[in-house]
Amino acid sequence: MRCPFCQHDDSRVLDSRVCEDGTAIRRRRQCPMCERRFTTIERMQMTVHKRNGIEEPFSRDKVIRGVRNACKGRPVTDADLALLGQRVEDGLRARGVAEIPSEEIGLAILGPLRELDPIAYLRFASVYLNYDTIEDFATEIDRLRDESPDRAKSSGRKRPSKQDEPLF
Ligand SMILES: [Zn+2]
């Protein structure tokens, strides 16, 4: 790998170790020209198979963009979204599979999003779980009420939300 300091074409590996969760390898490298050291991380690339047959590399940013739409007008910060993106990616990586159908990414988002914000969760779930009827919403809302009575009762501001096209 090219040296990030002097752009020399090569570097040598001094040390390799597997990260704690086993999903990545960290390598300590040294440039033979300038002798400076740097670290690289090697991780499996997760490939997403979309419904239209297209494959693309998994993107945490894309997860965050999709969730951000559902969070419009909700008390959710960029830090909350970044953490959610990390949880979704960590969860998917922990499965140890290289290829993921796009629908499973939507499903992997649901758990962390339900904990983050129940309204954003309902918006998101209505798209990804294909809610057809009012009863689908009612069932899900009952479930949320059972899980956290205090949070479901406190209503935030009401504003109309346009349902966006699913990203995945
Ligand atoms: Zn160098």
Which listed residue, of Asp61, Asp78, is among the acidic types (Asp, Glu), in contact (Cβ under 8 Å) with a residue 24 or more places away in the chain and more than 16 Å from the ligand (Cβ to nearest atom):
Asp61
Only one of Thr23, Thr39 is within 16 Å of the ligand (Cβ to nearest atom) and closer than 27 Å to Asp78 by Cβ, namely Thr39
Looking only at region 92-136, which residues are at pLDDT 90 or above and of a type in the set (Phe, Trp, Tyr)?
Tyr121, Phe124
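The values are calculated or read from the model by the stated rules, or taken from the named source; none is laboratory data. Not measured: the values here are computed from a predicted model. Heads up, the Cβs are rebuilt from the backbone with ideal geometry, glycines too, and the neighbour counts pull from every protein chain shown.
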